[in-house]
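Any read-out appearing in this document is the output of simple, stated calculations on the displayed coordinates, not a laboratory observation. Note that the coordinates shown come from a computational prediction; the quantities given were computed from them, not determined experimentally. Using ideal geometry, Cβ is built from the backbone for each residue, glycine included, and neighbour counts are taken over all protein chains shown.
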């Protein structure tokens, strides 16, 4: 690593050597790159996550997907969703105040990856946006590549549409039950307004799934 830090020319040469070594691996190039990223992710998964996102967004001009994505909520978000709800996201061209967006970021050492929901409260002149965490109310300044998608629809647990889509998701009942139990425990230890109603709903869902 000392050699890499010496000069700009040394940096270029070092990365050229690494690239040649990857290209010369006996497995296919995609497999070699994949294996290298897996190795790096053992200590710095956050850094690997960000570089993959950056490649998609800056080199290929693609975001999480061309249109959007679907997920299963794993946490209680006041006035938004409960664990087990099916949530639909679209990739927004330009988030507007009031939009709820899913945001990803890492810690300063790029080791851990975090995902939260935030409500857009304003757009800045540098094209970044201000959001408020929907759980804590804490303000954040984020840029385009922090935004995974805009929340556009929540399909409630147990509804007809949910019954049609959830089995196709492949999400096991054990995972859903564990997620609900963890949220119940978290709410019981909190002072969140309306927590009694939320806990009652979570217990109802747990009884259904178990």
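Quick look at the numbers
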quantity	calculated
Prolate/oblate/rounded call for the stretch 8-59, Cα gyration tensor, a/c under 1.5 rounded	oblate
Helix-derived mean residue ellipticity, 222 nm - over the chain, DSSP H n ≥ 4, -39500 (n - 2.57), to 500	-12000 deg cm²/dmol
Cα-based helix-to-principal-axis angle, 160-169 vs the chain, degrees rounded to 10	30
With Cα atoms, 0 to 90° folded angle of helix 8-23 axis to the chain main axis	70
Residue 159/residue 12 FRET efficiency (R0 45 Å; Cβ-Cβ; nearest 0.05)	0.20
Computed lengthening from residue 123 to residue 91, 0.36 nm per intervening residue step minus Cα-Cα distance	9.8 nm
Correct option for semi-axes √(5λ) of the Cα gyration tensor in Å [calculated from the coordinates] among (1) 33, 19, 15; (2) 38, 22, 17; (3) 34, 23, 13	(2)
Extension gain from residue 133 to residue 55, taking 0.36 nm per residue of separation minus the Cα-Cα distance	25.4 nm
Taking the chain and dividing mean pair separation by its residue count, relative contact order in percent (alpha carbons under 8 Å, at least six apart)	17
Cα-based helix-to-principal-axis angle, 45-54 vs the chain, degrees rounded to 10	80
